[in-house]
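Structure, as structure tokens:
The values are calculated or read from the model by the stated rules, or taken from the named source; none is laboratory data. This structure is a prediction, so every number in the text was calculated from the model and none was measured. Backbone-built Cβ (ideal geometry, glycine too); neighbour counts: all protein chains shown. Please note that ligands, DNA and RNA were not included when accessible areas were found on the heavy atoms of the full protein model with its side chains. Shrake-Rupley method; radii C 1.70, N 1.55, O 1.52, S 1.80 Å.
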Amino acid sequence: MCGIVGYIGNREAQGILIGGLKRLEYRGYDSAGVATLNSTGELTNIRAQGKVAQLAELQVKNRKTDSIGIGHTRWATHGAPSVKNAHPHTVGRITLVHNGIIENYQDLKHILVDKGYEFQSDTDTEVLAGLIDSLYSDDTNLLDAVLGALRLVVGAYGLAVIAHDTPDQIIVARSGSPLIIGLDDEETFIASDASALIGHTDQVLYLKEGEVAVCKAGDVQLYDIKANPLSAAVETLEADMQAIQKEGYEHFLLKEIHEQPDTLRATLAGRLHLDTMTASLGGINMTAEELRAVKNIVIVGCGTANYAGQLASYFIEQFTDDISVRVEIASELRYRSFHVADNTVALIVSQSGETADTLACLGELKRRGVRCLGIVNAVGSSIAREVDGGVYVHVGPEISVASSKAFTSQVAAMVLFGLVVAQAKGIGAKELAEYVQELDRLPFEIEKVINTVEDSVAHLAKEYASYEHALYMGRDTLYPVALEGALKLKEISYIQAEGHAAGELKHGPIALVDDSFFEVALIADNWLYEKSLSNLIEVNARGGHVIAITNSQKPIEAEAVVQLNTDLTVFVPLLFNVVLQLFAYYVSLERGNDVDQPRNLAKSVTVE
Ligand code: AGP
């Protein structure tokens, strides 16, 4: 999620702004910038793609003593990550930073271009700067120009605006994207979340929806959208950094499970087109002809990333009829004398982009001349830099060691790749539309699952938290979900949990069923329903303690049943997975473990 900072006071703004952006790095971004004004209105705008550290290096070469400025960390929505698309954006005398999406920016852009405006970036934000500039004149002050522009805008915004000829104020406005103002005797601080204010002031003012503020050094005046003055309620900020970054959740894992609808929307943003019922990916650097020629896909990853690949492999083979997909554990593949068929593309899956085994496989595959595409979260990471192209999943930093939102978006990103390949290979429009529509609805369905099952799953977790052994089972696309669900449980609850293909139980694992185990049976309402049910009955018959998770409305005999109500059919495994994430979280909580930093584990395994 993008981050906003602003400062006006009696100290050097650049350092304060960059320090604030560092505090907001956890929100995820792919570029950053700071703009300051000196007392004569001379603007210094420094922008960089990649980390805030790179911005800091540029600032050293462009050091100014200006005492007013704004800054931004951008997480690409309109326009790819690049310097030209990085905020702050300047048009005419206006420079601004913006969180949110201006939905009618194309219409506004046409109007401004007709007025002679020229735009350098692909962003909606630059258009907003142009709109304000077009209204800012000798007899329309900055506040009125901003208010006039906001009355024309459709969409969500949190923004901070400066004008080159009024270097004594920053105008901020909120509609759908939070902004907080920190006050000191002679200084005023602006931020999109309080973590950037800690250490500067604890006197804060939370901008409310529809409010606009004129911020001067140590002074703020609030207005509504009609320019009516409003009273300001200053509060005392009582929170530490981590508490703020968890946004009220007890653990990062729970926050990251809950933010999946939004992070999945971010993964899909600009890549699903409901007007044409198609999918597109900007960064894979493959022509339609090259996509058509793909006959083999090898997916490489570790742990959760590997299981995401396993789940995606079912979907990719479903979308196409001439591609075979194989999924490899990176630590195995790197030492095996494996063969790579012609017309193979490799998908290198990694949240951190730094996993040593995965990175090593990438190197070996490239040495063999295989085209490698990254399915990565961390922008600018080693894997992201070494692949031939790829898809950033854009879920923001995943703080909890146990992966949650990354898994869902890794699968979605590989599904998008599968659809793009299928499109090149001539998939029927009706079938394609069904996939696009389901994918578009998936964030909402995840939200619905979380809202409907969380309490019952938390209660269930208490009942099963004392077990030391568990078997997870699923068929078809629920098999990789069983693997991932078992991994989630074992890595944060320390219960010995194993995932199995449900059809495999009678080939050995069912010997384990006794009172020291509980079982999780994943039962999809599809053509394998009866077979999945019979596996559950086999376990029940041996005295198993079975938790059935199902999207079927038919009654199921089990010790506990978690019912999913959804009319999704294709991507429903990702809903089952959310239930298992929540179950693992609440079991770990019940067992008193360190949920976010489980024993023996690291977030990124950068060594073998
Ligand atoms: C997932 O919950 C684990 N923390 C672990 O399996 C992780 O998925 C694996 O180490 C791969 O990490 P990566 O995605 O950063 O490459």
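For the chain, what is the convex hull (Cα atoms) projected area averaged across all directions, in square nanometres?
Numbers: hull surface 115.0 nm².
So the Cα hull casts an average projection of 28.8 nm².
For the range 227-301, what is one quarter of the convex hull surface built on the Cα atoms, given in nm²?
Working: hull surface 46.5 nm².
Spelled out: convex hull of the Cα atoms, projected over all directions, averaged, 11.6 nm².
So, for the chain, what is the accessible surface per residue at a probe of 1.4 Å, expressed in square angstrom? Display every interim value, and only then the final one.
Details: 23380 Å² over 608 residues.
Accessible area per residue, the chain: 38 Å².
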Checklist outcome for this item: For the range 80-164, the Cα-Cα pair-distance distribution in 10 Å bins from 0, as whole percents, is 19, 58, 22, 1
Item to check | Counting all C-alpha pairs of the range 76-128, share separated by more than 16 Å (%) | outcome: 36
Checklist entry - In Å and whole numbers, how far do the C-alpha atoms of the range 1-153 stretch along each principal axis, longest first? => result 39, 34, 22
Item to check | From phi via Karplus (6.51, -1.76, 1.60), per-residue ³J(HN,Hα) for the range 512-519 in Hz, x at Gly/Pro | outcome: 7, 5, 7, 5, 8, 10, 10, 10
Next on the checklist: Need the list of lysines near LYS295 for cross-linking: C-alpha distance under 26 angstrom, and skip anything on the same chain fewer than eight residues off.
Outcome noted: LYS366, LYS425, LYS430
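The range 156-224: D in µm²/s via Stokes-Einstein (Kirkwood Rh, Cα pairs, 4 °C, 1.567 mPa s)?
Numbers: Rh = 12.0 Å.
Once the numbers are plugged in, D ends up at 108 µm²/s.
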Checklist entry - Can you give the % of DSSP beta bridges in the chain that are antiparallel, to the nearest 5? => result 60
Checklist outcome for this item: Kirkwood Rh over alpha-carbon pairs of the range 278-383 plugged into Stokes-Einstein at 10 °C, 1.306 mPa s gives a D in µm²/s of 113
Item to check | Alpha carbon convex hull of the range 196-334, volume per residue in cubic angstrom | outcome: 234
Item to check | Per DSSP, loop GluC sites (Glu not before Pro) in the range 523-570 with at most 10 further Cβ within 10 Å | outcome: none
Item to check | Most to least packed among 432-439, 223-230, 386-393 [average Cβ atoms within 10 Å] | outcome: 386-393, 432-439, 223-230
Checklist entry - Alpha carbon centre of the range 287-304 versus the range 568-608: separation in Å? => result 27
Next on the checklist: Let me confirm the definition first: pairs of Lys residues in the range 26-125, 8 or more apart or on different chains, C-alpha distance under 23 Å. How many are there?
Outcome noted: 7
Item to check | aspartates and glutamates with Cα under 16 Å of LYS462, excluding same-chain neighbours fewer than 8 positions away | outcome: GLU454, GLU519, GLU559, GLU590
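Which whole-number value in Å³ per residue fits the convex hull of the alpha carbons of the range 439-542?
Values: hull volume 12.0 nm³, N = 104.
Roughly 116 Å³ of hull volume per residue.
Please tell me which of these pairs span more than 26 angstrom C-alpha to C-alpha: LYS490/LYS554; LYS255/LYS488; LYS246/LYS603? Write out the running numbers ahead of the final one.
Working: LYS490/LYS554 30 Å; LYS255/LYS488 15 Å; LYS246/LYS603 17 Å.
Long pairs (Cα-Cα over 26 Å): LYS490/LYS554.
Near ARG93, within a Cβ-to-Cβ distance under 11 Å, what is the net charge of the other residues, with Lys and Arg +1 and Asp and Glu -1?
Numbers: positive: none; negative: ASP133, ASP165.
Cβ neighbours under 11 Å give a net charge of -2.
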Item to check | Protection-proxy order for peptides 409-421, 351-363, each taking the mean of Cβ atoms within 10 Å per residue, highest first | outcome: 409-421, 351-363
Checklist entry - Counting other Cβ atoms within 10 Å of each Cβ, which trypsin sites (Lys or Arg not before Pro) in the range 445-550 have at most 15 and sit in a DSSP loop? => result ARG542
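Of the beta bridges DSSP finds with both residues in the range 113-258, what % are antiparallel, to the nearest 5? List each step's numbers first, then the result.
Working: 26 of 27 bridges.
The antiparallel proportion sits near 95 percent.
Using a 1.4 angstrom probe on heavy atoms only, work out the carbon and sulfur share of the accessible area of the chain in %.
49
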